[in-house]
Amino acid sequence: MFAKSLLKTAMPVTKGGIGLRCYAQLPLRVPIKIPNGVEYEQPTGLFINNKFVRAKQGKTFEVISPATEETITHVYEAREDDVEEAIAAADAAFKSGVWSQADPLVRANALHKLAGYIEEHQDIVASIETLDNGKAINSARGDVQLVINYLRSCAGWCDKVDGRLINTGNTHFSYTVKQPLGVCGQIIPWNFPLLMWAWKVGPALATGNTVVLKTAESTPLSALYVSQFVPKSGIPPGVVNIVSGFGKIVGEALTTHPKIKKIAFTGSTATGRHIYQNAGQNLKKVTLELGGKSPNVVFSDADIKQAVQNVILGIYYNSGEVCCAGSRVYVEESAYEQFLDEMKAAAEGVKVGDPFDESTFQGSQTSQMQLNKILKYVEIGRDEGARLITGGERIGNKGYFVKPTVFGDVTEDMRIVKEEIFGPVVTISKFKTMDELIDMANDSEYGLAAGVHTTNINKALEVANKVNAGTVWVNTFNDFHHSVPFGGFNASGIGREMGSEALDNYTQTKAVRVKLTSEAKP
């Protein structure tokens, strides 16, 4: 195991595990061999001013494979002084105008190149994501493609961040311009490490800002890996800075620092509330993409077999570690028993296991803590009187694997219905009328997403119009597109990711009004 404090020597020491060599002093790159045979060099340092650097205090922390519970590597741990250095670099870069005042085409070309480098290395990047997070390799590949698409979409927005000319009569010339905010602090979660990196970095850079981004402590590897492409893409030093570390230190420093003009955070609602309070001290602009307990509605006229597959995707995709997961399923009473039978069979048919197996749909949970939380909620559901239809057990004793779980005959006051579990656990309820359905669907503090499955477009639109959710999917679920905004109502957050709406989060509007003078008469 790596020493917590660096020693003077850098001699390699043999160590078992995931192709890892242990060093008395952690180099800025370490060789890693992934179980699928991919070999690569993993950056371990903080990324500041376009260079990987060691943390000033020399501290490191361990990164674990959730599928094997073995050490992958260690990476350098940022502390307050490292955050200060990263913010200073980002602030200097912004004030220099090298990026904020650059021709939009310069920014567009750089983002296109960044997407191209990731595409060139997408097999490695997807493998890193699976190794670090535990998600199925096919899911990781999908994430990487979304990253590439979104960065290219952001590149296309660079020259479209425009103000407007305002007609205020002949006495004045009035117009607005959109300007970048400055240094943006960004904090990303562990469930979609690289995708959330792109959702944060892409719009910030497209609009001329600079960033200091904190990775999730359990999944820092992919963000560090792709950061090496930043200078190669023509992005100047200081524009993108990545600091790996812990929320109580790095997150706290970012959210309270006066030079940070905007905070973007994806994570739990509880943490989001704390960040919102911190940001308020300096009146920072804030984007919060938080928790969810999304309703997924199935009407009796739906194609039940297809609806079941959509529900499976909605809850077991990414091991259920999805903020918008369709974890509350409401089925019209006349189709309820048929749906339960079909759902039980489908859930038991989900392939869970080795995330590098091409046939695996559900990989591991990302941490022991998350595994324990999920199993605890299974106990709670049983104690509350819900019917456990299938699942609810850990698989094996190595790696954080859980059987896909289905609860039926639940009531709206149960904790498994009210609280976000963030795992492969779904509750199924029945409804009779549209009014009853809407009341149940909206009986939640959250409002991130919803799903509707029906062949009747009028029903679909009525639910879409009445449900409190930032995104409503009809006859599909977890179906993202880089041009479609994503974000929540209520306790699910503030602001939007993707689409043109994301750019509003990273700009401020300046109004200019010029009084016109007429020529003097002869």
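The values are calculated or read from the model by the stated rules, or taken from the named source; none is laboratory data. Here the structure is a predicted model, which means the values were calculated and not measured. A quick note on method: Cβ atoms are made from the backbone with ideal geometry, for glycine too, and the neighbour counts reach across all protein chains shown.
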- Query: In the stretch 114-156, which residues are closer than 23 Å to GLU321 by Cα, assigned to a helix (DSSP H, G or I) and among the aliphatic types (A, V, I, L, M)?
  - Reply: ILE124, VAL125, ALA126, ILE128, LEU131, ILE137, ALA140, VAL144, LEU146, VAL147, ILE148
- Item | Test: ASP159 is assigned by TED's automatic domain parsing to the domain that holds THR71, under 30 Å from VAL63 (Cα atoms) and either modelled with pLDDT of 95 or more or part of a helix (DSSP H, G or I) (or both) | no
- Name the residues in the stretch 415-469 that are surrounded by fewer than 21 Cβ atoms within 10 Å (Cβ to Cβ) and part of a loop (DSSP other than H, G, I, E, B), would you? GLU419, LYS432, THR433, ASN442, ASP443, GLU445, THR455, ASN456, ASN468
- Message: If the requirement is being at pLDDT below 95, under 28 Å from GLU84 (Cβ atoms) and of a type outside the set (D, E, K, R), which of these qualifies: PHE47, PHE52, PHE2?
- Response: PHE2
- Item | Hits in the stretch 77-117 (condition: among the hydroxyl-bearing types (Ser, Thr, Tyr) and surrounded by fewer than 17 Cβ atoms within 10 Å (Cβ to Cβ)) | SER96
- Out of all the residues in the stretch 197-217, which are in contact with a Cys (Cβ under 8 Å, 6 or more places away or on another chain), among the hydrophobic types (A, V, I, L, M, F, W, C) and not in a helix (DSSP H, G or I)? VAL211, VAL212
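Does SER364 satisfy being touching a strand residue (DSSP E or B) at 6+ places or on another chain (Cβ under 6 Å) and in a loop (DSSP other than H, G, I, E, B)?
yes
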- Item | Options ILE235, ILE275; residue that is outside any strand (DSSP E or B), under 17 Å from the mean Cα position of the chain (by Cα), touching a residue at least 12 places away in the same chain (Cβ under 8 Å) and outside the structural domain of MET440 (by TED's automatic domain parsing) | ILE275
- Item | Unique residue being free of Cβ contacts under 8 Å to residues at least 24 places away in the same chain and either in contact with a Ser or Thr (Cβ under 7 Å, 6 or more places away or on another chain) or under 28 Å from GLU436 (Cα atoms) (or both) when the list is ASP413, ASP354 | ASP413
- Out of the stretch 375-400, which residues are over 19 Å from GLU412 (Cα atoms) and either in contact with a Pro (Cβ under 9 Å, 6 or more places away or on another chain) or surrounded by 15 or more Cβ atoms within 10 Å (Cβ to Cβ) (or both)? LEU375, THR390, GLY391, GLY392, ARG394, ILE395, GLY399, TYR400
- Counting only residues that are assigned to a loop (DSSP other than H, G, I, E, B) and without any contact (Cβ under 8 Å) to a residue 40 or more places away in the chain, which one in the stretch 497-522 is farthest from GLY291 (Cα to Cα)? PRO522
- Task: Please determine, by comparing only the residues of the stretch 487-503 that are crowded, with 22+ Cβ neighbours inside 10 Å and hydrophobic (A, V, I, L, M, F, W, C), which one is farthest from LEU146 (Cα to Cα).
- Result: ALA502
- Task: Mind listing whichever residues of the stretch 243-254 are touching a Lys or Arg at 6+ places or on another chain (Cβ under 8 Å) and either surrounded by fewer than 24 Cβ atoms within 10 Å (Cβ to Cβ) or not in a loop (DSSP other than H, G, I, E, B) (or both)?
- Result: VAL243, SER244, GLY247, ILE249, VAL250, GLY251, LEU254
- Message: So in the stretch 360-374, with the set limited to residues that are buried (at least 16 other Cβ atoms within 10 Å of the Cβ) and polar (S, T, N, Q), which one is farthest from ALA345 (Cα to Cα)?
- Response: SER367
- Query: Looking at the stretch 46-64, is at least one residue assigned by TED's automatic domain parsing to the domain that holds ASP162, among the acidic types (Asp, Glu) and in a helix (DSSP H, G or I)?
  - Reply: no
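Could you identify the single residue in SER319, SER327, SER300 that is hydroxyl-bearing (Ser, Thr, Tyr) and either in the same structural domain as GLY37 (by TED's automatic domain parsing) or surrounded by fewer than 22 Cβ atoms within 10 Å (Cβ to Cβ) (or both)?
When all the criteria are applied, what remains is SER300.
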